[in-house]
Amino acid sequence: MTKLLTKKVRYLILLLVGLLLILFLPLPYYIELPGKAVPVSDYLTVTRPSPKKKAGELRLVYVSLYRASPVTYLWSYTNRFASRIPAKEITGENNNSDYNKIQAYYMQDALNEAEYVALKAAHYQVKRKYQGIYVMSLLKNSTFKGKLQVGDVITAINGKTYQSSGEFVKAVQGLKYGSRVQVSYLRNQTPKVSWGRIVKLAGSNKTGLGISLADKSRIQTPVSFKTNVDDIGGPSAGLMFSLELYNQLTAKQLLRGRNVAGTGTGTISADGKVGPIGGVDKKVIASAKAKADIFFVPAQSEPGAISNYQLAKKTAKQIKTKMKIVPVASFSEAVTYLEEN
C-alpha cells in the first residue's frame, strides 16, 4: 500500500511539473503593454549650476515588455491594447546579453544627442568627441567572429584612426578581399588588438570586416550632469531628455504648472529632428493615467504605416482622454509650442 501511494505521489509530482512547464514555459514571443509615465528629472539632473525646481513636470513614457508564456499569451487577448511580438523582431539574432548591450548603447546615444541639442539651444559650450565605432553584430562569415564582441569599440584599422564610421568603412572597403587586417579596439575600456581578413559581405558585391556598426561618441561640456538610465534602454528618449535639460538650464518657464508627457518622444538627431517610435498607443494610455495635460508625439512617420500622430489620436479617442495630442517634428517645435500655448 505504501509503495502504491509513493508511486501515485511521484506521478502527481511529474504531472504538476509538466503542467507548470506547459503553462509557464517561455514562448518565442514578447507581450507589449502600456507602461508608465515617469518624471524625466528622475533620470537626468543638472548638477552645475544647481537646478531650480519649476512648476510642472516633464514625463518620459515607456512600454512594458516581457517574454510570453502560454498563460500570458492567451491572457493578452483579453487586453485590447496588448501586442504579441515575435521574439526575433525584438532581439534579432542576438542573445539576451548582446541585446541588452545594444539597448544600453541606444540609450546612451540618445542621451548624448539630447545633451548636444539642449546645450546648444541654451547657448552653452559643447563639443562632440569621437571615440570609435561600436560593434553591433558580427556576420557569420566574419573572421573576427570569436575575437570581437558586441559592445567593443573599434578605435583603429591597421594602426590608423578615423573620425566617423563612414571614414572607417571607406578605409576598409579600400582593402583587397582576403587581405590581412589589424583591428585595435576597447573592451570595457581595456585596449586590445585582433587580426582577421577582409571578407565578402552577403547580399552585395562589397567587402569588409563582416560587422555591423554605429558611431560611438562622447559629449564634452563644462556643464555637469547626474544621470540614472541603467534600468531603461532603447533609442526613443531623445526629445524628452533634451527638453528636461533645456528646462533646467534656462530661466524660461516652459511648463507653467503643466504635466507634459512624451513617448520618450522619438529619436533625436544632432540638428534636433525627431524620428518616429513604436508602442505609441500604449504610451498614450500610460500618459493619460499619469494625468498628463500634453502628449508630444513624433510628426514624422514610417512610409506605408499609420503615423504615430494618427495612432495617438485614435487611442486618445478610444480611452476618452482630454489630454492634448501634439505632433512635433523637432526640438525647436516642442519648445515653441510650450512657449506659445
For each pair in Lys88/Lys226; Lys291/Lys314; Lys120/Lys289, compute the distance between the two Cα atoms and list the pairs where it is over 23 Å. Lys88/Lys226; Lys120/Lys289
Using 0.36 nm per residue, how much length does the chain from Lys291 to Asn188 gain when fully extended, once their Cα-Cα distance is taken away? 32.9 nm
At a 1.4 Å probe radius, which order do Lys252, Lys314 fall into by accessible area, largest first? Lys314, Lys252
Given that just one value was derived from the coordinates, which of (1) 40; (2) 37; (3) 27 is percent of Cα pairs over 35 Å apart? (2)
Projecting each Cα onto the charge dipole of the chain (Lys/Arg +1, Asp/Glu -1 at the beta carbon, about the Cα centre), which of Met323, Val274, Ala156 comes out farthest on the positive side? Ala156
As a test question: what accessible area, to the nearest 10 Å², does Val117 have when a 1.4 Å probe is rolled over all protein chains in place? 10
Dipole of the chain, positive end: most advanced residue of Asn79, Pro39, Gly146 [Cβ charges, Cα centre]: Gly146
Rounded to the nearest percent, how much of the accessible area of the chain (1.4 Å probe, protein heavy atoms only) is carbon and sulfur? 54
Calculate for the chain the 222 nm mean residue ellipticity that helices alone would give, adding -39,500 (n - 2.57) per DSSP H run of length 4 or more and normalising by residue count, nearest 500 deg cm²/dmol. -10500 deg cm²/dmol
With eigenvalues of the C-alpha gyration tensor scaled by 5 and rooted, segment 160-207, Å: 21, 13, 10
Step through the table entries Lys129/Lys170; Lys36/Lys317; Lys101/Lys147; Lys282/Lys320; Lys252/Lys322, compare each Cα-Cα distance with 24 Å, and write down the pairs that go over it. Lys252/Lys322
Largest first, how would Phe295, Phe225 line up by accessible area (1.4 Å probe)? Phe225, Phe295
Would you mind calculating the gained length between Lys140 and Ala202 on full extension (0.36 nm times residue separation, minus the Cα-Cα distance), in nm to one decimal? 21.4 nm
Points 7 angstrom from Cα along the Cβ direction at Asp42 and Ile319: gap in nanometres? 1.6
Cross-link partners of Lys313 among aspartates and glutamates (Cα-Cα below 13 Å; sequence separation of 8 or more within a chain): Asp281
Å² per residue, accessible surface of segment 161-206 at 1.4 Å: 69
With DNA, RNA and ligands ignored, accessible area of Met136 (1.4 Å probe; Å², nearest 10): 20
Take Ile31, Ile90 and sort them by solvent-accessible surface of the protein heavy atoms, 1.4 Å probe, largest at the top. Ile90, Ile31
In debye, nearest 20: dipole of the chain around its Cα centre with unit charges on the Cβ of K, R (+) and D, E (-)? 800
Using a 1.4 Å probe on the protein heavy atoms only, what accessible surface does Trp75 show? Give it in Å² to the nearest 10. 120
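The values are calculated or read from the model by the stated rules, or taken from the named source; none is laboratory data. On a predicted model such as this, the values are computed, not experimentally measured, just so you know. As a convention, Cβ positions derive from the backbone with ideal geometry for all residues, glycine included, and neighbour counts pool all protein chains shown. Accessible surface is based on the protein model in full, side chains and every heavy atom, while ligands, DNA and RNA are left aside. Shrake-Rupley method; radii C 1.70, N 1.55, O 1.52, S 1.80 Å.
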